[in-house]
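The values are calculated or read from the model by the stated rules, or taken from the named source; none is laboratory data. Keep in mind that what you see is a predicted model, and the values were worked out from it rather than measured. Ideal geometry is used to build each Cβ from the backbone, glycine not excepted, and the neighbour counts take in all protein chains shown.
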Amino acid sequence: AGEGHVTDYAFSFEGPFGSYDTMQLQRGLQVYTEVCASCHGLSYVAFRNLSEPGGPELPEDQMRAYAEFYEVFDETLADGEGDFRTATPADRFPHSALANAPDLSLMAKARKGFEGPYGTGLSQLFNGMGGAEYIASLLNGYEEPPACAPEDFEGYYNVAFAAGGFPEECKDDHGHHTVPGSWIAMPPPISDGQVEYIDGSPTHVEALSHDVAAFLMWSAEPHLNARKQAGLTGIIFLTVLATLLYLTNKRIWAPVK
Ligand code: HEM
């Protein structure tokens with residue numbers, strides 16, 4: 001198989017002290033809603049999650065209004081026959097509308113952006129798994145197909161996507177890929193200015209892709225902020241405990257030494 005090009009974009013949630021940028025998650029939710037949701041589902045996320053701390057933190061009334069845009073199929077309605085009704089905060093986002101478009105709830109955890117060197121995984125230790133970087137790179141990775149490819153080769157050439165179709169004509173004598181990436185079934189989903197933000201944030205493809213990648217990182221790991229906070233508290237606690245134990249030990253053994 002070939003390799004995809006993943007760019008190490010900077011995200012606010014990186015590093016031991018990183019946390020989600022609430023406004024960025026709200027923008028990412030908007031991109032998901034206006035663009036990605038026409039094909040991709042987000043079926044592990046409930047509407048009420050949008051108001052929880054550490055996420056997009058939509059005010060309660062906005063979250064309720066957002067849920068009401070959706071219809072869900074309720075099996076208990078119409079004497080057990082089931083019927084559609086307006087969604088409530090307890091319902092989840094729908095499944096993918098397009099059969100071959102994967103659900104995006106956990107995508108940022110299911111894909112990696114970094115590896116190596118030489119299969120050691122050291123890059124992942126220092127840079128993180130890179131799921132959000134991968135998604136952002138994928139959305140920025142569409143390019144003109146290379147000259148080696150037949151014109152009618154199916155799909156869209158994307159330098160970040162490694163798992164798609166690849167023409168024989170672009171392989172060398174040993175079967176190695178001569179160009180990065182592969183051909184993906186997803187058409188380039190976003191273009192410059194496709195989404196209009198009310199906060200005036202930039203809306204070129206790179207900005208939109210960062211926002212939606214951050215939002216999908218949150219959907220895959222909603223408790224990242226709390227986890228990092230607990231880790232920090234733990235380290236501080238252990239440092240204080242270690243200092244006290246050291247001093248206690250000194251005092252207890254002082255008469256003997
Ligand atoms: C695949 C993200 C919009 C159709 C994917 C993948 C991601 C993704 C992360 C998985 C790639 C992999 O397997 O490594 C997004 C985002 C979107 C978006 C963030 C919005 C900005 C769309 C739209 C469509 C679509 C609008 C339909 C027109 C597909 C299809 C695949 C796919 C068919 C499977 C591709 C394959 O396996 O060849 N998308 N997508 N996506 N997406 Fe999207």
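Conditions first: (1) loosely packed, with under 11 Cβ neighbours inside 10 Å; (2) under 22 Å from residue 23 (Cβ atoms); (3) touching a helix residue (DSSP H, G or I) at 6+ places or on another chain (Cβ under 8 Å). Residue 90 passes all but one, so which condition is the exception?
Residue 90 satisfies every listed condition except (2).
Hey, residue 199 hits all of (1) at pLDDT below 95; (2) under 26 Å from residue 57 (Cβ atoms); (3) crowded, with 18+ Cβ neighbours inside 10 Å but one; which does it fall short on?
Unmet condition: (3).
State which residue pairs qualify: first residue touching a residue at least 24 places away in the same chain (Cβ under 8 Å) and inside segment 118-134, second residue of a type in the set (Gly, Ala, Ser) and in a helix (DSSP H, G or I) in any location, beta carbons under 8 Å apart, and separation of 6 or more residues or different chains.
These pairs meet every condition: 131/108; 131/110; 131/220; 132/108; 132/213; 132/214; 133/213; 134/108.
Please go through segment 208-227 and give me each residue that is more than 12 Å from the ligand (Cβ to nearest atom) and part of a helix (DSSP H, G or I), ordered by number. Working first, answer last.
Quick first cut of segment 208-227, residues more than 12 Å from the ligand (Cβ to nearest atom) only: 218, 221-227.
Matches in segment 208-227: 218, 224, 225, 226, 227.
Output yes when any residue across segment 147-154 is in contact with a His (Cβ under 9 Å, 6 or more places away or on another chain) and either basic (Lys, Arg) or within 12 Å of the ligand (Cβ to nearest atom) (or both), and no when none is. Spell out how you get there, then give the answer.
Looking only at segment 147-154, we keep the residues that are in contact with a His (Cβ under 9 Å, 6 or more places away or on another chain), and these are none.
No, there is no match, as no residue in segment 147-154 is in contact with a His (Cβ under 9 Å, 6 or more places away or on another chain) and either basic (Lys, Arg) or within 12 Å of the ligand (Cβ to nearest atom) (or both).
Got a number for residues in segment 53-67 being over 22 Å from residue 225 (Cα atoms) and out of contact with any Phe, Trp or Tyr (no Cβ under 9 Å at 6 or more places or on another chain)? Before you say what the answer is, go through the steps one by one.
At the first step, the residues of segment 53-67 found to be over 22 Å from residue 225 (Cα atoms) are 61-62, 64-67.
Retained after the next criterion (residues that are out of contact with any Phe, Trp or Tyr (no Cβ under 9 Å at 6 or more places or on another chain)): 61-62, 65.
Qualifying residue count for the region: 3.
Pull up segment 157-196, narrow it to residues that are assigned to a strand (DSSP E or B) and within 15 Å of the ligand (Cβ to nearest atom), then point me to the one that is farthest from residue 31 (Cα to Cα). Before the answer, list the steps.
Filtering segment 157-196 for residues assigned to a strand (DSSP E or B) gives 157-158, 165, 171, 177, 182-184.
When the remaining residues are screened for being within 15 Å of the ligand (Cβ to nearest atom), the result is 157-158, 165, 182-184.
Values: 157: 23, 158: 20, 165: 27, 182: 25, 183: 24, 184: 20 Å.
Among those that are assigned to a strand (DSSP E or B) and within 15 Å of the ligand (Cβ to nearest atom), it is 165.
Quick one: is residue 102 modelled with pLDDT of 95 or more, over 30 Å from residue 161 (Cα atoms) and under 20 Å from the mean Cα position of the chain (by Cα)?
no
Search segment 149-172 for residues that are under 16 Å from residue 3 (Cα atoms) and among the basic types (Lys, Arg) and pair each with any residue that is more than 10 Å from the ligand (Cβ to nearest atom) and in a loop (DSSP other than H, G, I, E, B) when their beta-carbon atoms are under 8 Å apart and the residues are at least 6 apart or on different chains.
171/178
Loosely packed, with under 10 Cβ neighbours inside 10 Å, among the hydrophobic types (A, V, I, L, M, F, W, C) and away from the ligand (no atom under 16 Å from the Cβ): which single residue out of 254, 230 fits that description? So that I can check it myself, show each step before the final result.
Values: 230 fails: loosely packed, with under 10 Cβ neighbours inside 10 Å.
One residue alone meets the criteria, 254.
How do the helices (runs of 4 or more DSSP H) wholly within segment 1-118 filter down when requiring 1 or more residues that are more than 13 Å from the ligand (Cβ to nearest atom): which remain?
Details: elements: 22-34, 60-67, 107-110.
Fully inside segment 1-118 and qualifying: 22-34, 60-67.
Does segment 44-53 contain any residue that is at pLDDT 95 or above, surrounded by fewer than 20 Cβ atoms within 10 Å (Cβ to Cβ), over 21 Å from residue 156 (Cβ atoms) and under 14 Å from the mean Cα position of the chain (by Cα)?
Yes, segment 44-53 contains at least one residue that is at pLDDT 95 or above, surrounded by fewer than 20 Cβ atoms within 10 Å (Cβ to Cβ), over 21 Å from residue 156 (Cβ atoms) and under 14 Å from the mean Cα position of the chain (by Cα).
Regarding residue 128, is this residue crowded, with 18+ Cβ neighbours inside 10 Å, at pLDDT below 95 and away from the ligand (no atom under 14 Å from the Cβ)?
On the way: crowded, with 18+ Cβ neighbours inside 10 Å: yes; at pLDDT below 95: yes; away from the ligand (no atom under 14 Å from the Cβ): yes.
In short, yes.
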